[in-house]
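Enquirer: Mind looking over this structure? Questions follow.
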Amino acid sequence: MVLASVVLALCSLAVIAIRQGTTGRYLDAIRGSETAAASIGINPLRPRIVAFVAGAALAGLGGGLLASFYEQANYDQAFTFFYGLVWLVLVVTAGSRSVQAAIVSGVSFFVLPQLLDLLFRWPSNHLASNPDISGGWRSALEFVDPSWSFGVAFILFGIGALTYAKHPEGIIEAQTATAIRKILRAVPA
């Protein structure tokens, strides 16, 4: 956990440094209009190569950490189509252009299914540890099926995909922009 936290901090700082540096400014200009960027002398090749190399380095580092976690490098085990789709929706929904959104997506990917599993297993565990419960409470607790956690995860996945239609920049970016606007309105001119 300590190693993962240190690697996360170093990678986050590297990404922030690239985004705030010359390469990041060039990439923002190219994203806005490649023709306009070229007209002021920005060659799009160098920033794109730097972004590609940095992304490949981060992916390689992540793959190495994942292989050390599983104690083997098995592509079929670690990278199924479904996991790739969930990762994509999580990152795009949270915001693909911010470090904090990537962190929230990573934590959500692992924590949310565990929380849903615990939530839907709680009624049966509670009944097992308290067999004297009877009446309406027992019926209500027996009604909840632990397998529903998988279905609820799919529903949340769909809601996340739908929020992209309203906030294409991502939820975290939208919330950050809203908070900044509120702060700026509150500050007297």
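The values are calculated or read from the model by the stated rules, or taken from the named source; none is laboratory data. Since the model is a prediction, treat every value here as computed from it, not as a measurement. For neighbour counting, all protein chains shown are included, and Cβ atoms are generated from backbone atoms with ideal geometry for every residue, glycine included.
Enquirer: Would you confirm whether any residue within the range 42-54 is among the aliphatic types (A, V, I, L, M), closer than 20 Å to Ala101 by Cβ and assigned to a helix (DSSP H, G or I)?
Expert: yes
Enquirer: Whether any residue in the range 146-163 is more than 30 Å from Ala14 (Cβ to Cβ) and among the hydroxyl-bearing types (Ser, Thr, Tyr) is what I want to check.
Expert: yes
Enquirer: Let me ask something else about it. Does any residue of the range 3-16 turn out to be modelled with pLDDT of 90 or more and exposed (fewer than 11 other Cβ atoms within 10 Å of the Cβ)?
Expert: yes
Enquirer: Tell me whether the range 111-127 contains one or more residues that are part of a loop (DSSP other than H, G, I, E, B) and of a type in the set (Val, Ile, Thr).
Expert: Checked the range 111-127: no residue is part of a loop (DSSP other than H, G, I, E, B) and of a type in the set (Val, Ile, Thr).
Enquirer: Answer yes or no: is there a residue in the range 38-50 that is within 25 Å of the chain's Cα centre (by Cα) and loosely packed, with under 13 Cβ neighbours inside 10 Å.
Expert: yes
Enquirer: Please name all residue pairs, on different chains or six or more residues apart, with Cβ atoms under 8 Å, provided the first residue is in the range 134-160 and is farther than 20 Å from Val91 by Cα and modelled with pLDDT of 80 or more and the second residue is surrounded by 12 or more Cβ atoms within 10 Å (Cβ to Cβ) and charged (D, E, K, R).
Expert: From the range 134-160, the pairs are Pro146/Asp117; Pro146/Arg121; Ser149/Asp117; Ser149/Arg121.
Enquirer: Same structure again: Could you check, for the range 178-189, whether at least one of its residues is touching a residue at least 60 places away in the same chain (Cβ under 8 Å) and not in a loop (DSSP other than H, G, I, E, B)?
Expert: Checked against the condition, which is being touching a residue at least 60 places away in the same chain (Cβ under 8 Å) and not in a loop (DSSP other than H, G, I, E, B), the range 178-189 yields no hits at all.
Enquirer: Check the range 87-96 and report whether any residue there is at pLDDT below 80 and of a type in the set (Phe, Trp, Tyr).
Expert: yes
Enquirer: Another question, then. Looking at Ala73, is it part of a helix (DSSP H, G or I) and either at pLDDT 90 or above or not β-branched (Val, Ile, Thr) (or both)?
Expert: No; evaluated as a whole, the condition is false for this residue.
Enquirer: When you look at Arg19, is it charged (D, E, K, R), surrounded by 11 or more Cβ atoms within 10 Å (Cβ to Cβ), under 25 Å from Gly106 (Cα atoms) and over 17 Å from the mean Cα position of the chain (by Cα), yes or no?
Expert: yes
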